[in-house]
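The values are calculated or read from the model by the stated rules, or taken from the named source; none is laboratory data. Bear in mind that the values here come from a model prediction, so they are computed numbers and not experimental data. Note that we place each Cβ from the backbone using ideal geometry, even for glycine, and neighbour counts take in every protein chain shown. Keep in mind that these areas ignore ligands, DNA and RNA; they rest on the heavy atoms of the full protein, side chains included. Shrake-Rupley method; radii C 1.70, N 1.55, O 1.52, S 1.80 Å.
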Amino acid sequence: MKRARQKVVVEDEAPQTSQKSKKQKTCLYGSVFGESDLHASMDWGSLPHHVILRIFQFLPLVDRARASSVCRRWNEIFHIPDLWRRFEFELSQPATSYLKSTHPDLIQQIIKRHADHLQYVSFKVDSSTESAEAACDILSQLVNCSIKTLGLISTAKPSFMNVSKAHFASALTVVFVNSKSLSSIKIDDTPLDDPSLKVLVANNSDTLKLLKMSSCPHVSPAGILCVADQCHGLKELALNYYILSDELLLALSSEKHVDLEHLRIDVVSENPGQVEFHTIKKQSWDALVKHSPKVNIVMYFFLYEEEFDAFFREETPVTHLYFGRAVSKAMLGRIGMNCPRLIELVVCANGLQPLDEELIRIAERCKNLTAMGLGECEVTCRGFIEFVKMCGGRLTQLSIMEEVLIPDNDYSLDRLHLEVSKHLGRMWFPDMMPTW
């Protein structure tokens, strides 16, 4: 009996100790957070609506779906329209891609319950045709949507380019016709064609402000001209050089058209000598700049040296120039003479001839130049310092590989960084080639 009583006493003491400890912790937490805050934090289901919504907005989709199973209230919030205005569909083939694909069941749930809530939609697909076709199938089902921005992103080629033109056009038509409020479209590297652009214009001409459609081989100069003629609110445009025309620049310069803010032009050649590039008249460029004096004109060149003949023979109002392949000294000389609005210049490669004279001419004539990058080129230290001295502190970005700079009798590499830093008004060092 004594043992039994001792056992009872021991068993009774434990809960008392635990209860006391719990009470002490409650008092401690209560003194820090307040009694009401403590109870709210312990009851996840009673969190304010806006707090739960904020939590969901920071969660990845998979975690958001799991969190929706906490309670009925969280599940209800999971489906409110605010959480479904912006969505990126990720489509890939597990055997060939590193991308995580959006689960098919979730896709169907979105189409059934949230298609009319979607406003900012993008599709990220891998290089497989199956993924691109799946994206087109989803687009074809968005019949009740009111999409404002649409992006089709291929992580690698060919993707959408292998989809039949009819299938792709049919899918886009559904969105173009039903949305009627599209303001931003990014559809690079796709089989977009002129009839699809006409459908876009017919239903969204009053709202379209941004159109990026580089590498769309089925679009003609007439097709993009149709967009410029009727979409007077267009502020940003990206396209390939082969569909750029004098007529297009003049249409973008009409009195009805708003000021263009950004024009990106990709100049690409895959087969050297196979493409003959046309010339844009100086009067057309002048009309555009007169109408939109603050427009950024960005040109990306992927040409071979012998293909540059048509460019920069006359004054061209380009502001940003990027050369992805080797460019000749003569071409850089023409840039210094005929690109007075130039703000940024990046040269991937040039050759083994020093570019001192060309850089000094660019510094003299391009008074707005603030950024320069040089890759596989050669410049003497003296010539480079003269270039920096003429540009002065306006050079906010200066990226030069150390291998580009040739020491001479006047300057060593050690002294060069001190001189350049003095003229820039900040510490500067040349970039180093990684050793790994």
In nm, spacing of pseudo-spin labels at Val199 and Glu255 (7 Å Cα→C-beta vector):
3.6
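With an 8 Å Cα cut-off and a minimum separation of 6 or more residues, compute the relative contact order for the stretch 90-205 in percent. Walk me through the intermediate numbers first.
Details: 202 pairs, mean separation 28.3, N = 116.
Over the stretch 90-205, the number comes to 24 percent.
222 nm [θ] for the chain, helices only, -39500 (n - 2.57) per DSSP H run of 4+, per residue, to 500?
That comes out to -13000 deg cm²/dmol.
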Give the Rg/Rh ratio for the stretch 137-210, taking Rg as the radius of gyration of the Cα atoms and Rh as the Kirkwood radius, to two decimals.
0.94
Hey, if you drop one equal point scatterer on each alpha-carbon of the stretch 303-349 and run the Debye formula without solvent, what base-10 log of I(q)/I(0) do you get at q = 0.23, 0.32 Å⁻¹?
-0.82, -1.41
Give, in whole angstrom and from largest to smallest, the semi-axes √(5λ) of the equivalent ellipsoid of the stretch 380-436, with λ running over the eigenvalues of the Cα gyration tensor.
18, 15, 9
Between Lys367 and Glu305, how many nm apart are label points set 7 Å from Cα along the C-beta direction?
3.4
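In this model, which of Lys100/Lys157; Lys198/Lys290; Lys100/Lys186; Lys148/Lys290 are farther than 24 Å apart at the alpha-carbon? Write down the numbers at each step before the final one.
Details: Lys100/Lys157 18 Å; Lys198/Lys290 28 Å; Lys100/Lys186 22 Å; Lys148/Lys290 30 Å.
As for pairs spanning more than 24 Å Cα to Cα, those are Lys198/Lys290; Lys148/Lys290.
With all protein chains present, how much of the accessible area of the stretch 380-436 (probe radius 1.4 Å) comes from carbon and sulfur, to the nearest whole percent?
Values: 1860 of 3420 Å².
The nonpolar share, carbon plus sulfur, comes to 54 percent.
With N set to the residue count of the stretch 261-336, report its C-alpha Rg divided by 2.2 N^0.38 Å to two decimal places. Please list the in-between numbers first.
Values: Rg = 12.7 Å, N = 76, 2.2 N^0.38 = 11.4 Å.
For the stretch 261-336, the normalised Cα radius of gyration is 1.11.
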Nearest 10, in degrees from 0 to 90: the angle of helix 329-338 to the longest Cα principal axis of the chain is 90
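Quote the convex hull volume per residue of the stretch 217-258, based on C-alpha atoms, as a whole number of Å³. All intermediate terms of the calculation are to be shown ahead of the outcome.
Values: hull volume 2.6 nm³, N = 42.
Normalising the Cα hull of the stretch 217-258 by residue number yields 61 Å³.
Kindly give the semi-axes, whole Å and largest first, of the ellipsoid equivalent to the stretch 174-266, taking each as the square root of 5 times a Cα gyration tensor eigenvalue.
Working: eigenvalues 60, 53, 26 Å².
Values for the stretch 174-266, descending: 17, 16, 11 Å.
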Projected label distance in nm at His49 and Asp63, using a 7 Å step from Cα toward the beta-carbon
2.5
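Over the Cα atoms of the stretch 273-395, Rg to Rh with Kirkwood Rh, two decimal places?
Values: Rg = 14.3 Å, Rh = 14.9 Å.
Radius of gyration relative to Kirkwood radius: 0.96.
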Please compute the Kirkwood hydrodynamic radius over the stretch 169-214, one decimal place, Å, based on all pairs of different Cα atoms.
10.5
What does the accessible area per residue of the stretch 39-159 come to in Å², with a 1.4 Å probe and no ligands, DNA or RNA counted?
55
Just to be sure I understand: if I project the alpha-carbon convex hull of the stretch 99-138 onto a plane and average over all orientations, what area do I get in nm²?
3.0
Longest principal axis of the chain (C-alpha) makes with the long axis of helix 356-365 (C-alpha) an angle, in degrees to the nearest 10, of 80
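In square nanometres, what is the average projected area of the Cα convex hull of the chain? Can you show the working numbers first?
Values: hull surface 136.2 nm².
The directionally averaged projection comes out at 34.0 nm².
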